[in-house]
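Step one of this worksheet: look at the structure below.
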Amino acid sequence: MERKDFLRSLGSAAALALILPCAACSSPAGDTSGQPEDQVEDPTSENELDFTIDLSSQDAEPLQEPGGYIIMNETVVVRNLAGDFVAATRRCPHEGNYQIVYDRVNNTERFWCDVHGSRFDLQGKPVNDITTNTLLIYQTELSGNTLRVFNP
Ligand code: FES
């Protein structure tokens, strides 16, 4: 029997089983590189976020003035125009990209994602029609020169 006759006699399903590798066996344990992006576990745990910022440090210098912001621990920390501290996750609630930044045009302050253009007020409420999902806003607590950012 020739090879093509042998394969034909097996039928198409059996022939595919011989040709295709085992999908479950193709990745070593713990290797998520082959998984679709939405199935890869988020490396940051927004629910456990709790960190402090030394406002006298050089890293925090943009927070000395209203309208300044820094990005730390995948968090956007803002000193708003009223002088209060506001913090939001960088993770956009539209499709999960870590692209949120602070933006202001004249006196209108927003959190903004440049992937598709979603905008949120400083309470996390969406202000355009890109998404109806709200942006996660963290608590802030000022003690002397130390700003605590946390998720209660
Ligand atoms: S992922 Fe941010 S606007 Fe779409």
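The values are calculated or read from the model by the stated rules, or taken from the named source; none is laboratory data. Because the structure is predicted, anything quoted here is derived from the model rather than measured. All Cβ positions, glycine included, derive from the backbone under ideal geometry; neighbour counts span all protein chains shown. Each accessible area value is taken on the protein alone, full model and side chains, heavy atoms only, with ligands, DNA and RNA left out. Shrake-Rupley method; radii C 1.70, N 1.55, O 1.52, S 1.80 Å.
The residues of the stretch 104-135 that are open to solvent by less than 70 Å² (accessible area, probe 1.4 Å), more than 13 Å from the ligand (Cβ to nearest atom), under 19 Å from the mean Cα position of the chain (by Cα) and not small (Gly, Ala, Ser), listed by number, are 121, 122. With respect to the stated conditions, residue 75 is away from the ligand (no atom under 12 Å from the Cβ), in contact (Cβ under 8 Å) with a residue 40 or more places away in the chain and under 14 Å from the mean Cα position of the chain (by Cα). Taken together, the criteria place residue 148 among residues that are surrounded by 12 or more Cβ atoms within 10 Å (Cβ to Cβ), in contact (Cβ under 8 Å) with a residue 60 or more places away in the chain, away from the ligand (no atom under 16 Å from the Cβ) and charged (D, E, K, R). Right, residue 140: away from the ligand (no atom under 16 Å from the Cβ), surrounded by fewer than 15 Cβ atoms within 10 Å (Cβ to Cβ) and either touching a residue at least 24 places away in the same chain (Cβ under 8 Å) or not assigned by TED's automatic domain parsing to the domain that holds residue 56 (or both) or not? No: the conditions fail for residue 140. As a summary of the residue check, residue 87 satisfies the conditions (1) free of Cβ contacts under 8 Å to residues at least 40 places away in the same chain; (2) in contact with a strand residue (DSSP E or B) (Cβ under 7 Å, 6 or more places away or on another chain) except for the one numbered (1). The requirement of being of a type in the set (Val, Ile, Thr), assigned to a helix (DSSP H, G or I) and at pLDDT below 95 is fulfilled somewhere in the stretch 12-24, by at least one residue. Looking only at the stretch 87-103, how many residues end up being crowded, with 22+ Cβ neighbours inside 10 Å and within 9 Å of the ligand (Cβ to nearest atom)? Matching residues across the stretch 87-103 total 2. For the structure I just gave you, tell me whether residue 60 is open to solvent by less than 20 Å² (accessible area, probe 1.4 Å) and either within 25 Å of residue 48 (Cα to Cα) or not polar (S, T, N, Q) (or both). Here the answer is yes, as residue 60 does meet what is asked.
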